[in-house]
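Encoded as structure tokens, the structure appears first; notes follow it.
The values are calculated or read from the model by the stated rules, or taken from the named source; none is laboratory data. Quantities reported herein were computed from a predicted structural model and do not represent experimental measurements. Cβ atoms come from the backbone with ideal geometry, glycine included; neighbour counts cover every protein chain shown. Accessible surface areas use protein heavy atoms only, side chains included; no ligands, DNA or RNA. Shrake-Rupley method; radii C 1.70, N 1.55, O 1.52, S 1.80 Å.
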Amino acid sequence: MGIVFKQSFSNLVITYLGFAIGAINTLFLYARFLTDTYFGLVGVILATSAILMPLLAFGVPNTMIKFFSGYSDKNTQDGFLTMMLLLPLLLIVPFGVFSYLANDVIGSFIGQRNEIAENYVWHIFLIALAMAYFEVFYSWSRVHMRSVFGNFMKEIFARLAVMILLFAVYFDYISVETFLQALVGVYLLRTIIMKLYAYRLRMPALRVIFPSNTRDILTYSVLIILGGSTAVILLEVDKFMINQFIEIEKVAYYSVAVFIATVIAVPSRAMHQITYPMTAALLNASDKSGLAVLYQKSSLTLFITSGLIFVLVILNLNDLYLLLPENYRGGFYVVLLIGLAKLFDALLGNNNAILYNSDYYKAILFMGVLLAVGTILLNLYLIPEIGITGAALATFIAVFFYNLIKLLYVKAKLGLQPFTRETFKVVLLLVIVSAVFFALQFPFHPLLNIALKSLLITIMYVGVLYRFRISDDIFGVLSKYLKPKK
């Protein structure tokens with residue numbers, strides 16, 4: 001796990017930098033440079049594109065990682081990669097034709113509550129297309145154990161480009177409508193750059209030589225569409241459905257709250273870039289003992305880091321909201337519920353990678369579909385009743401039961417579970433730190449309050465981790481900086 005920790009560090013830095021840029025965009029620039037209506041519209045466009053993306057990708061990103069390491073022959077690898085490039089077209093082409101022929105019908109459906117959304121069907125399709133092939137080329141680089149550049153393009157490039165565009169809107173260099181068109185261009189350009197990088201790692205030799213297990217590949221790809229769609233629905237369908245039932249401005253307020261909570265998931269996003277292909281390799285090699293070690297250590301490491309971020313976010317939330325426009329300050333329970341869901345995700349470590357790369361992926365995918373349907377039904381009931389808090393509650397309930405099922409399933413089928421005694425020590429530490437600092441409030445400017453409280457919380461948290469050596473991997477990293485030099 002020490003190797004994983006080191007390889008994840010670059011991705012962690014990039015991901016945090018991306019989130020820092022995203023924070024500036026979401027919490028300050030979007031909220032001040034665009035009206036609530038257009039901020040909400042951007043949220044609807046991106047969320048709907050994200051929902052479409054797993055369908056258009058045809059499961060290829062996951063399929064490539066699962067099967068590529070199982071081929072040693074170069075011709076077979078080339079045939080497999082050729083298939084991966086062509087598979088998404090099986091859905092992209094019919095979706096594109098349908099979007100063209102039924103543009104007005106689709107627009108009317110999207111804009112039935114908020115008419116402003118009905119004119120952006122092609123924005124949604126093109127961004128979804130770009131997202132799909134970006135993930136294909138990103139996986140192309142990941143199977144060659146090169147994830148850093150792709151992570152940079154995923155986490156930083158688009159956000160930095162959006163920041164520039166938002167300033168262009170603010171200084172009247174471009175209109176909001178031009179901004180929305182340029183947003184499509186940003187995602188297309190990102191995909192082209194990722195493609196060039198992937199081809200630099202390995203130029204495709206187009207060979208129509210399908211591997212002997214082509215049927216298994218196609219079956220997995222079709223089923224993984226369900227898995228990818230489930231994961232995205234759990235994360236993005238709430239924004240789409242808010243637009244269907246209440247004012248589109250509420251999508252903007254919800255987006256801000258969700259972004260704050262999503263910071264908790266940064267360590268998971270960074271570490272999964274390397275643990276996913278490693279998990280696939282361990283499963284292909286039938287190395288169950290190595291898989292057990294990776295499962296428990298990834299869980300502990302992610303729970304420790306995400307737990308600290310969760311505490312920092314929740315205990316500093318009131319001060320953070322004082323920095324935002326007044327309309328955006330009502331999302332405390334949204335942040336809490338989404339944050340708890342993200343923390344549970346972190347606790348499961350590389351559980352997703354184990355399931356999607358094992359022989360048991362079919363059952364869990366169908367369970368995920370049922371839970372996605374449950375999420376939609378919960379949103380249908382809760383959003384009209386309690387607004388954006390209802391959307392967050394629906395997400396929390398769905399994620400909780402989905403993760404619980406995955407946890408129990410891996411235990412039942414593989415005899416693996418992520419928890420150790422150290423896991424419960426971290427739970428106790430998080431409770432104690434929260435209790436100690438819950439009522440602490442400084443009478444200074446919110447930024448200074450956040451800095452002071454965060455510093456004190458981190459010192460206590462890291463100090464206890466180091467003193468009691470709760471995680472060997474984290475202890476090893478901390479020792480480089482805290483151990484006295486002789």
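Out of Ala198, Ala182, report the one residue that is without any contact (Cβ under 8 Å) to a residue 40 or more places away in the chain and more than 30 Å from Ile386 (Cα to Cα).
Every option except Ala182 fails the conditions.
Report whether or not Val369 is of a type in the set (Val, Ile, Thr), open to solvent by less than 10 Å² (accessible area, probe 1.4 Å) and more than 24 Å from Phe419 (Cβ to Cβ).
no
Can you give me the number of residues within the stretch 206-225 that are open to solvent by 20 Å² or more (accessible area, probe 1.4 Å) and either in contact with a strand residue (DSSP E or B) (Cβ under 8 Å, 6 or more places away or on another chain) or of a type in the set (Gly, Ala, Ser) (or both)?
Within the stretch 206-225, residues that are open to solvent by 20 Å² or more (accessible area, probe 1.4 Å) and either in contact with a strand residue (DSSP E or B) (Cβ under 8 Å, 6 or more places away or on another chain) or of a type in the set (Gly, Ala, Ser) (or both) number 1.
With respect to Val256, determine if the residue is in contact with a helix residue (DSSP H, G or I) (Cβ under 8 Å, 6 or more places away or on another chain), closer than 27 Å to Asn318 by Cα and not basic (Lys, Arg).
For Val256, the condition - in contact with a helix residue (DSSP H, G or I) (Cβ under 8 Å, 6 or more places away or on another chain), closer than 27 Å to Asn318 by Cα and not basic (Lys, Arg) - is met.
For Ile24, work out the one condition from (1) within 30 Å of Asn357 (Cα to Cα); (2) under 27 Å from the mean Cα position of the chain (by Cα); (3) touching a residue at least 40 places away in the same chain (Cβ under 8 Å) it doesn't fulfil.
Ile24 satisfies every listed condition except (1).
Of everything in the stretch 238-272, what is in a helix (DSSP H, G or I) and closer than 17 Å to Gly111 by Cβ? Give them in sequence order. Give the derivation first.
Restricting attention to the stretch 238-272, the residues satisfying the condition of being in a helix (DSSP H, G or I) are 238-245, 249-272.
Those that are in a helix (DSSP H, G or I) and closer than 17 Å to Gly111 by Cβ: Lys239, Phe240, Met241, Ile242, Asn243, Gln244, Phe245, Glu249, Lys250, Val251, Ala252.
Looking only at the stretch 418-439, count how many residues are in contact (Cβ under 8 Å) with a residue 12 or more places away in the chain and not in a helix (DSSP H, G or I).
Residues that pass the stated criteria total 4.
Please work out if Ser306 is at pLDDT 85 or above, open to solvent by less than 10 Å² (accessible area, probe 1.4 Å) and assigned to a helix (DSSP H, G or I).
Yes; evaluated as a whole, the condition is true for this residue.
Consider only pairs whose beta carbons are under 9 Å apart and that are at least six residues apart or on different chains; among these, list those whose first residue lies in the stretch 85-114 and is of a type in the set (Lys, Arg) and whose second residue is assigned to a helix (DSSP H, G or I).
Arg113/Asn243; Arg113/Gln244; Arg113/Phe245
Would you point out which residue out of Pro94, Pro88 is of a type outside the set (A, V, I, L, M, F, W, C) and either farther than 30 Å from Met271 by Cα or surrounded by fewer than 21 Cβ atoms within 10 Å (Cβ to Cβ) (or both)?
Unique residue meeting the criteria: Pro94.
So Ala372 passes all but one of these: (1) at pLDDT 90 or above; (2) farther than 27 Å from Lys288 by Cα; (3) not charged (D, E, K, R). Which condition number does it fail?
The single condition Ala372 does not satisfy is (1).
Looking at Val427, Val410 in this structure, which one is closer than 25 Å to Ser286 by Cβ and over 20 Å from the mean Cα position of the chain (by Cα)?
Val410
Could you look through the stretch 155-175, keep only residues that are assigned to a helix (DSSP H, G or I) and either open to solvent by 40 Å² or more (accessible area, probe 1.4 Å) or acidic (Asp, Glu) (or both), and pick out the one that is modelled with the lowest pLDDT?
Just the residues of the stretch 155-175 that are assigned to a helix (DSSP H, G or I), to begin with: 155-170.
Okay, now just the ones that are also either open to solvent by 40 Å² or more (accessible area, probe 1.4 Å) or acidic (Asp, Glu) (or both), so 155, 157, 159-160, 164, 167, 170.
Numbers: Glu155: 88, Phe157: 94, Arg159: 95, Leu160: 95, Ile164: 96, Phe167: 96, Tyr170: 94.
Among them, the one singled out is Glu155.
Looking at Pro484, Pro443, Pro384, which is the one that is at pLDDT 90 or above, more than 23 Å from Leu308 (Cβ to Cβ) and either out of contact with any Lys or Arg (no Cβ under 6 Å at 6 or more places or on another chain) or open to solvent by 60 Å² or more (accessible area, probe 1.4 Å) (or both)?
After ruling out the rest, the residue left standing is Pro384.
Please indicate, with yes or no, whether at least one residue in the stretch 316-337 is of a type in the set (Gly, Ala, Ser) and open to solvent by 10 Å² or more (accessible area, probe 1.4 Å).
yes
So Asp359 fits all but one of (1) part of a helix (DSSP H, G or I); (2) without any contact (Cβ under 8 Å) to a residue 40 or more places away in the chain; what number is the exception?
All conditions are met except number (1).
Taking the conditions exactly as written (among the hydroxyl-bearing types (Ser, Thr, Tyr), crowded, with 20+ Cβ neighbours inside 10 Å, touching a Phe, Trp or Tyr at 6+ places or on another chain (Cβ under 9 Å) and modelled with pLDDT of 85 or more), does Thr279 satisfy them or not?
yes
Between Asp73, Asp104, Asp78, which is within 23 Å of Asn357 (Cβ to Cβ) and open to solvent by 70 Å² or more (accessible area, probe 1.4 Å)? Lay out the reasoning, then the answer.
Working: Asp104 fails: within 23 Å of Asn357 (Cβ to Cβ); Asp78 fails: open to solvent by 70 Å² or more (accessible area, probe 1.4 Å).
Step by step, each of Asp73, Asp104, Asp78 is checked, and only Asp73 is within 23 Å of Asn357 (Cβ to Cβ) and open to solvent by 70 Å² or more (accessible area, probe 1.4 Å).
Hey, Ile116 hits all of (1) modelled with pLDDT of 95 or more; (2) surrounded by fewer than 23 Cβ atoms within 10 Å (Cβ to Cβ) but one; which does it fall short on?
Tallying (1) modelled with pLDDT of 95 or more; (2) surrounded by fewer than 23 Cβ atoms within 10 Å (Cβ to Cβ), Ile116 fails exactly one: (1).
Go through the stretch 387-414 and give me each residue that's over 16 Å from Ala257 (Cβ atoms), open to solvent by 20 Å² or more (accessible area, probe 1.4 Å) and in contact (Cβ under 8 Å) with a residue 12 or more places away in the chain.
Correct list: Ile397, Phe400, Phe401, Ile405, Leu407, Tyr409, Lys413, Leu414.
Of all residues in the stretch 36-64, which are assigned to a helix (DSSP H, G or I) and within 14 Å of Leu87 (Cβ to Cβ)?
Matches in the stretch 36-64: Pro54, Leu55, Leu56, Ala57, Val60, Pro61, Asn62, Thr63, Met64.
Could you tell me which numbered condition Gly349 fails, if it satisfies all but one of (1) surrounded by 20 or more Cβ atoms within 10 Å (Cβ to Cβ); (2) part of a helix (DSSP H, G or I)?
So the condition that Gly349 fails would be (2).
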